[in-house]
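Comments concern the structure below.
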């Protein structure tokens, strides 16, 4: 029986070594969601208490149900992120419902950002953002430890400079 053909989102299964991101990003995303749900829940609760309308109660229940569903998808989404460094390009994959594979040639990179918001810093995480001439092709790798983010930034910058010299 022949092996099933590979799809366009699973290229080079035997030659690419995918790196995963830190699962601590799950906590960062869950805390962001919790803050949003808390604010919306307080607003809906106040509306329910002041008006007595059952619609606020239904809306509050819907918000809490959606928060539980989003919590599950956050866990799965963080595990779906991956990146791989190859000789001439960087591969970034992510997504659950809509899977995405970005291939960013080092020669096309214009600059590389490393950022870390307050929650990311609290969990010792950073995000590497690659910028190219085409805004739609920008890629990011969240949930990296600062040392790995710095290493990746420096490597991508050096490879981008080397590859751009030949243009």
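The values are calculated or read from the model by the stated rules, or taken from the named source; none is laboratory data. What you see is a predicted model, and the numbers here were worked out from it, not measured in a lab. Don't worry about glycine lacking a Cβ; one is built from the backbone with ideal geometry, like all the others, and counts go over all protein chains shown.
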Residue count, the range 111-127, condition loosely packed, with under 12 Cβ neighbours inside 10 Å and either more than 19 Å from residue 30 (Cβ to Cβ) or in contact (Cβ under 8 Å) with a residue 24 or more places away in the chain (or both), comes to 0
Considering only residues that are within 21 Å of residue 15 (Cα to Cα) and at pLDDT below 90, which ones fall in the range 94-131? 99, 100, 101, 102, 103, 104, 105, 106
For the range 13-27, indicate whether the set of residues that are in a helix (DSSP H, G or I) and either at positive phi or modelled with pLDDT under 95 (or both) is non-empty. no
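Based on this model, can you work out whether residue 68 counts as modelled with pLDDT of 95 or more and closer than 30 Å to residue 41 by Cα? Don't jump to the end; show me each part of the working.
Values: modelled with pLDDT of 95 or more: yes; closer than 30 Å to residue 41 by Cα: yes.
It is true that residue 68 is modelled with pLDDT of 95 or more and closer than 30 Å to residue 41 by Cα.
Determine, yes or no, whether residue 129 is assigned to a strand (DSSP E or B), under 24 Å from residue 35 (Cβ atoms) and touching a strand residue (DSSP E or B) at 6+ places or on another chain (Cβ under 9 Å).
On the way: assigned to a strand (DSSP E or B): yes; under 24 Å from residue 35 (Cβ atoms): yes; touching a strand residue (DSSP E or B) at 6+ places or on another chain (Cβ under 9 Å): yes.
Judged against the criteria, residue 129 is a match.
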If you go through the range 78-98 one residue at a time, how many are closer than 16 Å to residue 142 by Cα and in contact (Cβ under 8 Å) with a residue 24 or more places away in the chain? 11
Say we look at the range 132-158 and pick out the residues that are out of contact with any helix residue (DSSP H, G or I) (no Cβ under 9 Å at 6 or more places or on another chain) and in a strand (DSSP E or B); which of these is modelled with the lowest pLDDT? 139
Of these, 112, 104, 68, which one is more than 14 Å from the chain's Cα centre (by Cα) and assigned by TED's automatic domain parsing to the domain that holds residue 42? 68
